[in-house]
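First comes the structure, then the notes that go with it.
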Amino acid sequence: MKNKYLYIQTFGCQMNVHDSEQMAALLADCGYKTTNNLKLADLILLNTCSIREKAAQKVYSELGRIGLLKEQNPELIIGVGGCLAQHLGNKFHKRVRHLDFVFGTHNIHRLPEIVAAVRKKREKITQIDFHKVANSIGIYAPPVNGALSAFVTIMQGCNNFCAYCVVPYLRGPEMSRPPGEIIEEIKKLADQGIKEVTLLGQNVNSYGKNLGKSSNFTALIKKIGKVSGIERIRFTTSHPRDLSEELINCFNEEEKLCKHIHLPVQSGSNRLLALMNRGYSIENYLTKVDRLRTVCPQISITSDIIVGFPGETGNDYQETIDMMEKIRFDSTFSFKYSERKGTAAEKLEGKIQECEKQRRLKFLQDQQDKHTLQKNMELEGSRQELLIEGKSKNSENDLMGRTSSWKIVNFKGERELIGKLMDVIITKSYLHSLRGKLIEEAGNAN
Ligand code: SAH
Ligand code: SF4
Ligand code: F3S
């Protein structure tokens, strides 16, 4: 039988990246091999994002390009999944004529049956129902050969309804996965050579709320810490309101928990934080940052910030800049506010003009670059443990690894070291990476 090829393109967050891995795993069981060559594909899947208008536009332009392929090959099947698919549902077919199927965020498990139906009947399908049980999050995606890191979904959905955000509407209510299932999956991954797991959820700090008293996030991390073969544990994303003292202490107590937290602050203005429905004040946030740095002085703290939220005054913006100056994040992702249909912020007055948003974003990013470089320079001369991921992008002779704090380090080393945990001394710092030198001593390998 002729091979069938799947080309899958992912937009959006790490959760979507992992969902795509699950989609590829399900379709591999139906005989589809994944290819990076678009022209070879019998089935093209776009796993879409709708977080900001720009993310949606990217999907449309990619679909335009792919439509041309269908003109040359009418047998080609094209499907869209993920958040924009969930958002548009049937309307996606009207907007993009050459689509064969649209499936939502709760329907990944139905992909094999949807593809089979399209192949058989050639009719257009839309499947965007929400389900009360989490059917899709437990799909096992075997790691690709040689992979050291894997994502593990521990919960789906979000109940927070931040005023600007579409995610709760597109991913449904929060639902945690039982700890036993998570541990089983991680053991399986460890047996296949995975050393680092990143636990995924929109708000991992509220993990376990629907599972009863015995499950919480810190307990889960400690259980994962006992899985042999797993050397590093990461998680994303934390909501500052739900970051507990117990979890903060875990950075000191659980050796395998990496010394990095992504803690989206969004704004430095209490007025805007309230309008955004974030549920904390900037004083609460600063207290948590202080506690994190007291418990774990080496921790790196990264964040997300939105500029130009409706009604953001010069003063509100200045409070964000001042907060950044006080905290000095290791890095931030910053965004211009993008209006999303159906969210609470859509109805707010005081929309900010695009050019003003751009100006605010640019200044903020320049400030952040200064802080990032300064934070990186503070590491010069320090000893850092790296998980060596592979060859460096910069030079054939160099390897690349990541520190526990999520920073990239390039250094000279032999290829046999890939996959090992080794210590380096940081010799030079740049904005986006560090340079290191392997410490040559007995015991620097495991
Ligand atoms: N659940 C995560 C992240 C969700 S989306 C969390 O709460 O941290 C990632 C980031 O996109 C958010 O932190 C926010 O900074 C940004 N974002 C979400 N909706 C946005 C919008 N409408 N406009 C601009 N940025 C947005
Ligand atoms: Fe969106 Fe807020 Fe939920 Fe994050 S916590 S996904 S920003 S609603
Ligand atoms: Fe985008 Fe959905 Fe993730 S909107 S950011 S893909 S949860």
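Looking at the stretch 142-258, I'd like the Rg to Rh ratio, where Rg is from alpha-carbon atoms and Rh is Kirkwood's inverse mean 1/r.
My calculation puts Rg/Rh at 0.97.
Binning at 10 Å from 0, report for the stretch 346-446 what percent of all alpha-carbon pair distances ends up in each bin.
Whole-percent P(r) values from 0 Å outward: 15, 37, 20, 13, 10, 4, 0.
Given the C-alpha centroids of the stretch 379-446 and the stretch 1-40, what is the distance between them in whole angstrom?
For the stretch 379-446 versus the stretch 1-40, the Cα centre distance is 32 Å.
Quick one: if you take sqrt(5λ) for each eigenvalue of the C-alpha gyration tensor of the stretch 115-200, what semi-axes come out, biggest first, whole angstrom?
That gives 27, 22, 12 Å for the three semi-axes.
How would the stretch 63-129 be classified by its alpha-carbon gyration tensor: rounded, prolate or oblate, with rounded meaning a/c under 1.5 and the a/b versus b/c comparison settling the rest?
Since a/c reaches 1.5 but b/c is at least a/b, the shape of the stretch 63-129 is classed as oblate.
Under 10 Å, Cα contacts only: if you run a Gaussian network model on the chain, which one of Asp369, Asp423, Asp398 comes out with the highest mean-square fluctuation?
Asp398
Provide, as a two-decimal number, the C-alpha radius of gyration of the chain over 2.2 N^0.38 Å, N being how many residues it has.
1.01
Treating cross-link reach as a plain straight distance, find the aspartates and glutamates whose alpha-carbon is under 12 Å from the alpha-carbon of Lys336, omitting any fewer than eight places away in the same chain.
Those aspartates and glutamates meeting the cut-off are Glu53, Asp304, Glu312, Glu354, Glu356.
What are the lysines whose alpha-carbon lies under 20 Å from the alpha-carbon of Lys187, with same-chain residues fewer than 8 places away excluded?
Qualifying lysines at Cα under 20 Å: Lys195, Lys222, Lys223, Lys226, Lys256, Lys420.
Among DSSP bridges having both ends in the chain, what percentage is antiparallel? Round to the nearest 5.
Once the DSSP bridges in the chain are tallied, antiparallel ones form about 35 percent.
Using just the alpha carbons, could you tell me how many Å³ per residue the convex hull of the stretch 4-127 encloses?
92 Å³
How many percent of the accessible area of the chain is carbon or sulfur, using a 1.4 Å probe?
Reported share for carbon and sulfur atoms: 51 percent.
In whole angstrom, note down how far apart the Cα centers of the stretch 93-170 and the stretch 241-308 are.
Value for the Cα centre distance between the two parts: 30 Å.
Find, among the trypsin sites (Lys or Arg not before Pro) in the stretch 357-446, those assigned to loop by DSSP (not H, G, I, E, B) with at most 10 other beta-carbon atoms within 10 angstrom.
Here the sparse-neighbourhood loop sites are Lys393.
Taking loop as defined by DSSP and a crowding limit of 12 other beta carbons within 10 Å, which trypsin sites (Lys or Arg not before Pro) in the stretch 210-315 fit?
Lys213, Lys226
Can you tell me the length gained on complete extension of the stretch Leu373 to Arg119, counting 0.36 nm per residue apart and subtracting the Cα distance?
Full extension from Leu373 to Arg119 adds 86.2 nm.
Enter the accessible area per residue of the stretch 102-168 (Å², integer; probe 1.4 Å; all protein chains in place).
44 Å²
Go through the chain and flag any cysteine with no other cysteine's C-beta closer than 4.7 Å, please.
Cysteines lacking a close Cβ partner in the chain: Cys13, Cys30, Cys49, Cys83, Cys158, Cys250, Cys258, Cys296, Cys355.
Considering only protein heavy atoms, what per residue accessible area in square angstrom results for the stretch 206-358 with a 1.4 angstrom probe?
43 Å²
Divide, for the stretch 320-365, the radius of gyration over alpha carbons by 2.2 N^0.38 Å, where N is the residue count.
Its radius of gyration relative to the 2.2 N^0.38 Å reference: 1.37.
If R₀ is 22 angstrom, what is the calculated FRET efficiency for the pair Lys54 and Lys91, using the beta carbon separation as r and rounding to 0.05?
Between Lys54 and Lys91 the formula returns 0.70.
So for Cys13, Cys250, what's the accessible-area order with a 1.4 Å probe, most first?
Result, largest first: Cys13, Cys250.
Within the set Lys33/Lys391; Lys4/Lys70; Lys375/Lys428; Lys70/Lys94, which residue pairs have Cα atoms separated by over 19 Å?
Lys33/Lys391
Between the DSSP loop rule and a limit of at most 14 other Cβ atoms within 10 Å, which trypsin sites (Lys or Arg not before Pro) in the stretch 79-187 are left?
Here the trypsin sites (Lys or Arg not before Pro) that fit, given the DSSP loop and packing criteria, are Arg97, Arg122, Lys124, Lys132.
Can you tell me how much longer the chain between Lys188 and Arg359 gets when fully stretched, taken as 0.36 nm per residue apart minus their C-alpha distance, in nm with one decimal?
Additional length available on full extension: 56.7 nm.
The values are calculated or read from the model by the stated rules, or taken from the named source; none is laboratory data. Since the structure is predicted, the reported quantities are computational estimates derived from the model, not experimental observations. Positions of Cβ are generated from backbone atoms using ideal geometry, with glycine treated the same way; all protein chains shown enter the neighbour counts. For the accessible areas, the whole protein counts, side chains as well, though only heavy atoms, and no ligand, DNA or RNA atoms are used. Shrake-Rupley method; radii C 1.70, N 1.55, O 1.52, S 1.80 Å.
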